[in-house]
Structures are given as structure tokens and as C-alpha cells.
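J.: Sharing a structure here in C-alpha cells format.
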């Protein structure tokens, strides 16, 4: 049977979106159906549809993996949700559940490949679904296994739109802060390189965890908003001579959110002994390092990729407790192309959220 | 007053050695004087005298920082040694003792600069010393603060020559294995890249700590000696197609001892999730990395530099307990130039040790 849903999909690598109508699978025993209210716009969506991450994206493709909505139906085995609850979905909708990585709560590294929210081969086929790959949150409804849906804590209910981007931008910063920096950052100095969707979450989460947070940006353009708007403790511009020098050897952790190739030497020099440089962006090109940077201060360079399901729930609970949400700009569901263009021009503070719930699907 | 000692020093960057006679400082209250029996030959000695690490080495310079000998005199406050004991000196002879790094037992990172065994400005000046920089173990005697001298455990007394290189090669591998790999490596897979003075210590220490050790070398030339001589569990050659592929995604830790630029991609690919790639060599040139390697497996890349004094003692005690020493080739004290040449040609298994004790200083 399945149930029809409406969305916007890319049909080729041009980057433009057109309406799509397709069938979600039936709500199985452990599934919930979510009526999507808001979906955040992530740069990954753009990379995916423009064939920047794979030569042959599975068109038509409706992206979007920062999803919040209201539970519209629950399967017979569902325990965590009831109809009417607020639920969220992040970057994954399924995984094998049996491998070492899944058992350790790191479903993003599932040895049998996680099922990502869009563009992944289906793990559960048929049951009325008309698609061969997963379709994401650029759509009015989604059906997902209860286990991969997150509970939206009550304190976030009145900030649903600003909650949506936590599901990717939030967890991307939460994971390294929790697992590599130790979560309690009181007395620690944290540097955040790049102040965009990811970076501003780093500032918010780092401050909430007790860190002294320094934003490292190219110019002074974002200084005021970093210090006053986001509450960063310090701001240094890589392009202003002498500024980085002032914070040399001072930081315990640096999280680098920049996804274009850049000079690492002056940034890594900001770390103190045994400092950790953590990257969450992947520039297309190779970058250069020198072993002496790592030897003479016992420094490490590491990566982090989104986070597991339980981790994502912990992040949401922490954000509710500490009042951490994203700074967003709301935009109409049918304004995706415009949103993407502006993201590409870095013209958003700091995340677009599509107003899916209020969009009226045109008759016919 | 001071006391005259004889050694061999480099007088310019040619790399050749000539006799040198100079005065060690008087034995102060917390000092011991060591009659040197053996000194290991480290590649650092060669870099230093050939001006590869600084433009103007302080010639004449007697290098050598893998020193074992017998205590010939002790100051009035000395508690750890008595005359006739075996003692050892590694890469450092002093540090400020008051900074955060010293207090944490990481004197190599002393914020006021550690005093290295050779070529460093003196921390204790005068008292009969004729030099302005430290002179190392390419000499018959050395005077050092008790605190920076190591006790040679009894079980190593009959292997004094093979013990000497533990003081640099040994601690260089011990430090990452202890602090970054967790010391107990049972059930863990360890890769050692490069099988020279450092690499063979990595195999020995890794095995003694319980790891499954794989040697990663360029060709099969060292396969037999790695497996049979050193007891490695596996051996793969980077230059033999398909061999690295077989160990892909399998290792918990890799320690890379190579100090020439090399392709990191296929090596880092051998790490499993959350694996650590640790470098102890510093190629002169920049090396290339790609963030995706780190993101998709949460991998880290880090450096390690020798080790602190207490750590060095722990290493010696462990080596005594587990019968770990270096494979060495003994060479006459006046054969330094020949030893250096052969080191440069990688023609040594695995460390030269100078027979200082048996060398008779020519009359006049």
C-alpha cells in the first residue's frame, strides 16, 4: 500500500529542485510516521545533489537530514513515541544493528553500511515504498524505525525550528566535544575555526560545557556577532597580522569546521602541549602537515563524523537543559534553490530551516 | 677545579671526529660522576654535527645520548647512587624542574627549555667546567645531576651494551606505547613502520606488552629477521602489490619511525576505527594528508618525543623485567666516523654502541 508524500527533489546535478510525489513504506511494527514540520538545510544536501561526493547520485533525490516533526502514526511495537509527540530524525535512518560499531552505539560506522537519511539503498524494501533509495526531509512525511528517531525534549518544543539543525550541525560538534574533549570543558580553552553552521554550534556547545571559547576566523567581519551574539570569549582573525601569535600555544582543543583547503601551520601552533586538533570538515584537496608540529608538543590531529543515535539523544537532552539551539533563518519549503544559492555564498546566519509544515501542497 | 675528560668531537659539519680534552664540572652535592662504559650511536648525533638541525652547531661538539657507565663519584646529597653502581643517562641532563611540564614528569617539554645531553647551553655554569654547552657521551666521563641519571636494573647488568640504546631509541618507542596506546596491549594490533634502531625497539616493546605486532617495511629484505629474529607476528611490504591491502582496517595503533617523506595514505588505511597513527620521526619535508581519512574512521595522527625521566626509569625497569634490549653491533670508540657512515647507509642491525670503557686514551 504505502502512503503518498510530497517533496522537492533534485533531478540532475544542476542544483535545482522540482516537486516529487512518492510513496513512503507502510508503518511497520517498529516504525513511526512523522509529519515533518521543519527541515534544516545542510551543505551536505548541496554536495550530494551536485554530484560532488559521488559521480552518480540516485536522482530524483530529496535530501534533508535535519528533521523535526510530529508523530502521525506508530507501529504496534513502538514504545518511545505516541501519536502527537514531537520527534526528530538526523543523518541516519537505519543500520545493521549487529556489528561491533552498531553495538557500540556508533551506527555511523556500521560495518555493513549505515542507511543514511537520503540517497542510501533501502534496508527495508517494499511495503508500498516506490523508491529504491532513501528520500530525506525535503518532504512532508517520513517513515522511520523508532530506534532511529529522537525524542525532542519538552524544553525545545517552543524552538522546534531552531532545534532542527542540531540533528546534523549539532551532533557533528557534540561528538568530538563529548568523546575527544571529555565533555566537561571547565578550565579548558577551545578554539573554533570557521564560524558557519558548524562553527556557531561549536561556540554554543563549548560555552555550555564550560570552555573558554575563541573563534578563529579569516577577518574581523564576524567578530561582533561571535562575541556578542554567540558569547565567545575571544576572537582572532587569521588574516590580521599578529593576532594568531597572541594565542599561540594556548589552546587545549581546536575544532576546525572549514571544508576548503587552508594553511594548518598557524592554527596547529595555537595548541598547547598534548592539544587536540579535530577536523569535522573534509576539504576536497590534500593538506600539508609537518611531523615536527606533532612531535614537539605531543599534539594530535583527528577527525570526527556526525555521531551515533544514543549520542544524538544525549546531545538533544543537553541542549534542552542548557538552552542551546541554532541561529536560523526560516525560509519557505519551495525556496530550496534560493536557500542553496545563499548557502553557497555563505549568506546565512547560520542555518536555513525549511518551513515544511506550513507549506500547502498544490492541488494536482 | 673540574676534572679533565677525553672524548671525540666534531669540529665542523664535515662529520668527522677528532679527539677533544675538556673539563667536566666538579661533582656538586646532587651530582654523580659516571665513568662511561658504552655509548649508543643515534642518528640525532649525525644530524646535530652535520648542521642539519641548526645552522650553527656549537663546535667542537661531542655528541652521544645513550650512555651507560659506572658511578665514580657522588655528591654529598646523592641518595639514589653509590660509587660502583651502574648508571645511565639519556637525552637530557637537566631542566627547570618548576614548570608545569617538569612537574608533570615531561622534562623534555620544559617550558624553560630542557638541557639536552649535548649542545645545550649549560644550566649549571662554572665549577671548573671549561665548556659553554653540554658535551655528551662520546667521552670517557660525564657529571650529571642525580635526578637525571637512571638506575640500571640488576637484570640488565650483564647486557650493558645492549642497554645503552634504550636511553633514546627505547624511550622514544616506550613513551607512545605507554601514554598513547595504554601500555597493556594484549588483544591489540600494533603496526611498526620502518625496521631500524627505533622500529626494532617498537617490535620488542610491543611484543613484551602483549600486542600482535606487524612490521611494515618497503621490501621483503627484512622479513626473516623481523619474524624470526625479533618475533614479529606478521610482516607486510609496502612495495609488494596487495600486501598492505590484506591488513587494511585491521590495526589499533601504528607507530611510524621513518624519517623520510613517504606516502601516508596506504599506511593510515591499515588502521581500524578510532585507530592511532603515531609518528616519532620528523621528515624534513611536509607530508600530505586528507581529512576524509580521519573523519570516516575517527582516526588520529599524533607525535611523540623521547620521554620524561621517570618514564625512562619505568621503561628500563620494564625492559629488565621482560628481557627487552637492543640488537647492537659493538664498535671501537675511535671508530665513530665509520659508524656514522654505516648508519647513513642503513648498514647496522640495529644500533652501534661505542666501546668507550675499553678505549685507552693515548698518552699525550
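The values are calculated or read from the model by the stated rules, or taken from the named source; none is laboratory data. For clarity, every value in this text was computed on a predicted model and none was experimentally measured. Neighbour counts run over all protein chains shown; Cβ positions are idealised from the backbone, glycine included.
J.: Could you tell me whether any residue of the stretch A:160-182 is at pLDDT 95 or above, out of contact with any strand residue (DSSP E or B) (no Cβ under 7 Å at 6 or more places or on another chain), in the same structural domain as residue A:343 (by TED's automatic domain parsing) and more than 30 Å from residue A:234 (Cβ to Cβ)?
T.: no
J.: Go over the candidates A:78, A:68 one by one and state the one that is in contact (Cβ under 8 Å) with a residue 40 or more places away in the chain, touching a helix residue (DSSP H, G or I) at 6+ places or on another chain (Cβ under 7 Å), surrounded by 16 or more Cβ atoms within 10 Å (Cβ to Cβ) and part of a loop (DSSP other than H, G, I, E, B).
T.: Sole residue among the options that is in contact (Cβ under 8 Å) with a residue 40 or more places away in the chain, touching a helix residue (DSSP H, G or I) at 6+ places or on another chain (Cβ under 7 Å), surrounded by 16 or more Cβ atoms within 10 Å (Cβ to Cβ) and part of a loop (DSSP other than H, G, I, E, B): A:78.
J.: Still on this structure, I have one more. Working carefully through the options A:105, A:136, A:170, find the one that is more than 24 Å from residue A:327 (Cα to Cα) and either part of a loop (DSSP other than H, G, I, E, B) or away from chain B (no Cβ under 14 Å) (or both).
T.: Only one candidate passes the filter, namely A:105.
J.: What is the residue count in the stretch A:201-216 for residues that are out of contact with any helix residue (DSSP H, G or I) (no Cβ under 7 Å at 6 or more places or on another chain) and farther than 21 Å from residue A:168 by Cβ?
T.: Qualifying residue count, the stretch A:201-216: 4.
J.: All but one of (1) more than 14 Å from chain B (Cβ to nearest Cβ); (2) at pLDDT 95 or above; (3) assigned to a loop (DSSP other than H, G, I, E, B) hold for residue A:113; state the number of the condition that does not hold.
T.: Tallying (1) more than 14 Å from chain B (Cβ to nearest Cβ); (2) at pLDDT 95 or above; (3) assigned to a loop (DSSP other than H, G, I, E, B), residue A:113 fails exactly one: (1).
J.: Going by the structure shown, is residue A:88 at pLDDT 95 or above and under 30 Å from residue A:338 (Cα atoms)?
T.: Yes: the conditions hold for residue A:88.
J.: Something else now. Kindly indicate which of B:51, B:73 is crowded, with 17+ Cβ neighbours inside 10 Å and either part of a loop (DSSP other than H, G, I, E, B) or at pLDDT 95 or above (or both).
T.: The match here is B:73.
J.: Given (1) touching a strand residue (DSSP E or B) at 6+ places or on another chain (Cβ under 9 Å); (2) surrounded by fewer than 23 Cβ atoms within 10 Å (Cβ to Cβ); (3) in contact (Cβ under 8 Å) with a residue 12 or more places away in the chain, identify the lone condition not met by residue B:305.
T.: Failing condition for residue B:305: (1).
J.: Does any residue in the stretch B:34-51 that is outside the structural domain of residue B:23 (by TED's automatic domain parsing) come within less than 6 Å, Cβ to Cβ, of a residue that is outside any helix (DSSP H, G or I) six or more places away or on a different chain, and which pairs are these?
T.: Partner pairs satisfying both residue conditions: none exist.
J.: Among (1) over 15 Å from residue B:306 (Cβ atoms); (2) in contact with a helix residue (DSSP H, G or I) (Cβ under 7 Å, 6 or more places away or on another chain), which single condition is residue B:124 missing?
T.: Residue B:124 satisfies all of (1) over 15 Å from residue B:306 (Cβ atoms); (2) in contact with a helix residue (DSSP H, G or I) (Cβ under 7 Å, 6 or more places away or on another chain) except (2).
J.: Looking only at residues in the stretch B:205-222 that are within 24 Å of the chain's Cα centre (by Cα) and over 22 Å from residue B:315 (Cα atoms), which one is surrounded by the fewest Cβ atoms within 10 Å (Cβ to Cβ)?
T.: B:218
J.: Of the residues A:198, A:190, which is surrounded by 18 or more Cβ atoms within 10 Å (Cβ to Cβ), away from chain B (no Cβ under 14 Å) and in contact with a helix residue (DSSP H, G or I) (Cβ under 8 Å, 6 or more places away or on another chain)?
T.: None of the other options fit; the residue is A:190.
J.: Let me ask you something else. Does the stretch A:260-274 contain any residue that is in contact with a helix residue (DSSP H, G or I) (Cβ under 6 Å, 6 or more places away or on another chain), surrounded by fewer than 17 Cβ atoms within 10 Å (Cβ to Cβ) and not assigned by TED's automatic domain parsing to the domain that holds residue A:328?
T.: yes
J.: Going residue by residue through the stretch A:116-124, is there one that turns out to be assigned to a loop (DSSP other than H, G, I, E, B), at pLDDT 95 or above and more than 26 Å from residue A:54 (Cβ to Cβ)?
T.: No, because not a single residue in the stretch A:116-124 is assigned to a loop (DSSP other than H, G, I, E, B), at pLDDT 95 or above and more than 26 Å from residue A:54 (Cβ to Cβ).
J.: For the stretch B:1-21, which residues satisfy the criterion of being surrounded by fewer than 20 Cβ atoms within 10 Å (Cβ to Cβ) and over 16 Å from residue B:57 (Cβ atoms)?
T.: Answer for the stretch B:1-21, where residues must be surrounded by fewer than 20 Cβ atoms within 10 Å (Cβ to Cβ) and over 16 Å from residue B:57 (Cβ atoms): B:1, B:2, B:3, B:4, B:6, B:19, B:21.
J.: Among the listed residues A:226, A:232, which satisfies the condition of being crowded, with 17+ Cβ neighbours inside 10 Å, without any contact (Cβ under 8 Å) to a residue 60 or more places away in the chain and in a loop (DSSP other than H, G, I, E, B)?
T.: Result of the check over A:226, A:232: A:232.
The rows are residues; the columns are (1) touching a helix residue (DSSP H, G or I) at 6+ places or on another chain (Cβ under 7 Å); (2) more than 19 Å from residue A:41 (Cβ to Cβ); (3) surrounded by fewer than 20 Cβ atoms within 10 Å (Cβ to Cβ).
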site: A:323; (1), (2), (3): no, yes, yes
site: A:339; (1), (2), (3): no, no, no
site: A:348; (1), (2), (3): yes, no, yes
site: A:361; (1), (2), (3): no, yes, yes
